[in-house]
Amino acid sequence: TSDVANFVPERPEDRHFMAAAIRYAMRNVGRTGTNPSVATLIVRNDGDGRPPRIVGRGVTALGGRPHAEAGALAEAGDLARGATAYVTLEPCAHHGRTPPCAEALVRAGVARVVSAAADPDPRVDGKGHRMLMDGGVAVTPRVMAVEAARTIEGYLTRHRRGRPGVTLKMALSRDGRIGIRGGGQVKITGAVSDAQTHLVRARHDAILVGAGTALEDDPRLDCRLPGMADRSPARIVLDPNLRTTPDMTVARTARAVPTMIATYQTSDPERRAALAAEGVAFVACVADPDTGRVALPELLEDLAATGITSILVEGGANIAESFLQARLVDRLILVQGAVEIGEEGVTAPVGVEAARERFALLRQDVFGDDHWFDFACEGV
Ligand code: AOF
Ligand code: ZN
């Protein structure tokens, strides 16, 4: 298009500052509701022999507003004039509760905007860049676009597919088992990867487990990192026949951490009332006529409609299998511990080797005795 000719090329320092902006955007991932967590850095390069310096920083506020640019411009003040703004998403072009960020950047006298991810929101989608250029601001788009898109995966998936982004996390023993059926919670992973898991929890809007896992483990499913207790995502128990009871931890703590049960419309009204009295909310699910199992695409659509943009699926071999089979997994995290479970263990629906063949490995780490694998499953 004609815009392409008007874009200005990337400069050597652009990737450095965009990488910093992307790391900064991670701070509020999982906390901005249906808005993406975006970061802005305002950088001055006065060309007087000094290296470029950051004069303003902003990240999308909790709940999604104000937008990142507002905070960064406020911090930079007059220093924004002639500076470069690094924004992890194309600046918005629409009048919401505040004027468009593109307009604010023009008004502040920013000389150049470097953006990363494209914004699929039809109110933006190229119009932000257009507005900047019309206002005399140079634009360098799509710098580290892929990396930035990873920070807003849930937002992108909700826009493109009408469902939340789904991360499936499984802990595997050294021999590829995920637990012992009827054996309660089996400790597979160590403290370091458990802390990492809690960080991953904090970055999702909701954690989902099956009723089987809820009944066997009676888990808390919250974020227990020091100083991050307020970052627990909502909890969703997939419980079509309503086996969850009001004395279980998820129900007893439903007033502290929002808890939803996905259940058939026909499930026991008395138990439903008892759970509701504890503060549990319900979302109706239906059975897939072919498999007799819960229809996951419909459930995910309904959850997206309630404003959930990302879900971490954490529990149960059957649930993991259902999500994988339905091709509803966008990110797969496998944590392989040193423990051996043996013959009586439940085999994981997908092991590290199989995942390596099918998915793109984004990251591999060693946490204590555990190996952590993070796969992207797009186009599965
Ligand atoms: C930005 N900077 O920090 C974010 C943006 O409902 P509103 O008015 O807040 O607009 C939401 C839309 O704004 C959202 O769909 C996305 O297009 C954009 N998010 N834009 O310039 C930000 N979070
Ligand atoms: Zn904006």
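The values are calculated or read from the model by the stated rules, or taken from the named source; none is laboratory data. This structure is a prediction, so every number in the text was calculated from the model and none was measured. When we count neighbours, we look across all protein chains shown, and the Cβ atoms used for this are built from the backbone with ideal geometry, even at glycine.
If you take the residues of segment 57-92 that are in contact (Cβ under 8 Å) with a residue 40 or more places away in the chain, part of a loop (DSSP other than H, G, I, E, B) and in contact with an Asp or Glu (Cβ under 8 Å, 6 or more places away or on another chain), which of them is nearest to ligand 1 (Cβ to nearest atom)? Working first, answer last.
Just the residues of segment 57-92 that are in contact (Cβ under 8 Å) with a residue 40 or more places away in the chain, to begin with: 68, 83-91.
Filter once more, keeping what is part of a loop (DSSP other than H, G, I, E, B): 83, 90-91.
If we keep only those that are in contact with an Asp or Glu (Cβ under 8 Å, 6 or more places away or on another chain) too, we end up with 90-91.
Numbers: Glu90: 7, Pro91: 4 Å.
The selected residue is Pro91.
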For segment 96-117, what are the residues that are near ligand 1 (Cβ under 8 Å from one of its atoms), assigned to a loop (DSSP other than H, G, I, E, B) and either among the hydrophobic types (A, V, I, L, M, F, W, C) or surrounded by fewer than 19 Cβ atoms within 10 Å (Cβ to Cβ) (or both)?
Gly96, Arg97, Thr98
Could you tell me which of the residues Arg107, Arg11, Arg65 is within 16 Å of ligand 2 (Cβ to nearest atom), among the basic types (Lys, Arg) and under 21 Å from Met133 (Cβ atoms)?
Arg107
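Results for (1) modelled with pLDDT under 95; (2) within 22 Å of His371 (Cα to Cα), shown as yes or no for each residue.
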{"residue": "Tyr155", "(1), (2)": "no, no"}
{"residue": "Gly179", "(1), (2)": "yes, yes"}
{"residue": "Val192", "(1), (2)": "no, yes"}
{"residue": "Ala214", "(1), (2)": "yes, no"}
Collect the residues in segment 37-92 that are surrounded by fewer than 22 Cβ atoms within 10 Å (Cβ to Cβ) and polar (S, T, N, Q), keeping them in residue-number order.
Asn45
Every residue from segment 108-123 that is in contact (Cβ under 8 Å) with a residue 12 or more places away in the chain and more than 13 Å from Thr88 (Cα to Cα):
Ala108, Gly109, Val110, Ala111, Arg112, Pro120, Asp121, Arg123
Among the residues that make up segment 138-145, is at least one of them within 23 Å of the chain's Cα centre (by Cα) and assigned to a helix (DSSP H, G or I)?
yes
Checking the condition within 15 Å of ligand 2 (Cβ to nearest atom), of a type outside the set (Gly, Ala, Ser) and within 18 Å of Arg142 (Cβ to Cβ), which residue from Val59, Val87 passes?
Val87
Looking only at segment 277-297, filter to residues that are in a helix (DSSP H, G or I) and within 28 Å of the chain's Cα centre (by Cα); which one of those is surrounded by the most Cβ atoms within 10 Å (Cβ to Cβ)?
Leu296
Of the residues in segment 28-54, how many are assigned to a loop (DSSP other than H, G, I, E, B), in contact with a Lys or Arg (Cβ under 7 Å, 6 or more places away or on another chain) and more than 16 Å from ligand 1 (Cβ to nearest atom)?
1
